[in-house]
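Chemist: Handing you a structure now.
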Amino acid sequence: MTFAYNARKYINFPIQLCENPQMSLKSGTVLILDDDASVRRAYARTLAEEGYSTLEFPDFESLKRSVAAGFFQAKRVCLLLDMRMADANGLAVQQWVIDQNIPLPIIFISGESEVAEAISALKAGAVEFLLKPVESEPLVAAVDAVLMPKSEPIERPVMPAGFERLSAREIQVLDLVVQGMRSQAIASVLGITLRTVKMHRGNIMAKVGVKNVAQLVSFYQQQRFQSPGPACRSPAQATS
């Protein structure tokens with residue numbers, strides 16, 4: 001029996017499945033919760049081309065019913081979660097996952113969120129926060145970071161202690177920030193919008209545990225030149 005056959009036989013609510021019939025080095029299932037059908041299908045097609053199976057959910061209630069059915073107890077699974085939906089806020093969905101004690105990594109996607117929402121999501125354990133419209137490369141990179149086997153690490157620069165959670169794009173933004181470059185200049189260099197730069201900067205500060213750019217630069221320089229050893233706490237952690 002295939003994964004898709006089991007789903008259609010035992011789950012009686014509106015979800016869509018998409019799988020790549022070709023063999024792939026990548027494996028795992030991505031749950032896509034977004035109330036826009038065209039957006040869900042676009043994400044599903046992109047991920048299927050990479051070898052991932054996907055499950056689409058049009059609303060929070062269908063996701064909860066799937067959890068109750070114990071359907072996706074997979075070794076490799078993550079949730080692609082829209083922040084703003086008609087029936088639920090993404091942060092509420094994330095809190096529900098935490099309350100249910102479900103080991104489900106969450107990648108947030110949003111078109112309207114404020115930096116404060118991104119910080120809240122990351123502090124609560126989200127692994128990534130992407131801005132719409134999401135291009136294929138950052139979407140796949142975020143899913144790869146969660147679902148790719150640890151024996152097949154994604155090549156990336158060696159970062160100082162305290163900065164290991166940053167994505168490839170966040171590392172690029174950080175590098176320019178510590179060089180003293182302003183957000184508008186960073187946007188021009190990387191070919192992204194000013195809003196996206198600010199969102200990445202907020203994500204970086206949330207992951208590292210600092211409150212402003214000055215603290216970020218200072219902590220980065222401190223950790224960069226520190227001798228190998230136990231990771232130092234961030235300024236926020238040091239005062240707690």
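The values are calculated or read from the model by the stated rules, or taken from the named source; none is laboratory data. Computed from a predicted model, the values in this text were never measured in an experiment. When we count neighbours, we look across all protein chains shown, and the Cβ atoms used for this are built from the backbone with ideal geometry, even at glycine.
Chemist: Does residue 147 qualify as being at pLDDT 85 or above and either under 12 Å from the mean Cα position of the chain (by Cα) or within 21 Å of residue 76 (Cα to Cα) (or both)?
Modeler: For residue 147, the condition - at pLDDT 85 or above and either under 12 Å from the mean Cα position of the chain (by Cα) or within 21 Å of residue 76 (Cα to Cα) (or both) - is met.
Chemist: Can you tell me which residue in region 38-55 is farthest from residue 141 (Cα to Cα), limited to those that are out of contact with any strand residue (DSSP E or B) (no Cβ under 9 Å at 6 or more places or on another chain) and assigned to a helix (DSSP H, G or I)?
Modeler: Taking the candidates together, the pick is 38.
Chemist: Just to be sure, is residue 55 in the same structural domain as residue 140 (by TED's automatic domain parsing), in contact with a Ser or Thr (Cβ under 7 Å, 6 or more places away or on another chain) and closer than 25 Å to residue 167 by Cα?
Modeler: yes
Chemist: Further, regarding this structure: Every residue in region 56-86 that is part of a loop (DSSP other than H, G, I, E, B) and at pLDDT 80 or above, please.
Modeler: Hits for region 56-86 are 58, 59, 76, 83, 85, 86.
Chemist: Going residue by residue through region 119-132, is there one that turns out to be of a type in the set (D, E, K, R), surrounded by 17 or more Cβ atoms within 10 Å (Cβ to Cβ), at pLDDT 85 or above and not in a loop (DSSP other than H, G, I, E, B)?
Modeler: Scanning region 119-132, I find at least one residue that is of a type in the set (D, E, K, R), surrounded by 17 or more Cβ atoms within 10 Å (Cβ to Cβ), at pLDDT 85 or above and not in a loop (DSSP other than H, G, I, E, B), so the answer is yes.
Chemist: Considering only region 96-113, how many residues are within 21 Å of residue 36 (Cα to Cα) and exposed (fewer than 13 other Cβ atoms within 10 Å of the Cβ)?
Modeler: 1
Chemist: Picking from 102, 98, 15, 32, which residue would you name as being touching a Lys or Arg at 6+ places or on another chain (Cβ under 7 Å) and either modelled with pLDDT of 90 or more or β-branched (Val, Ile, Thr) (or both)?
Modeler: 32
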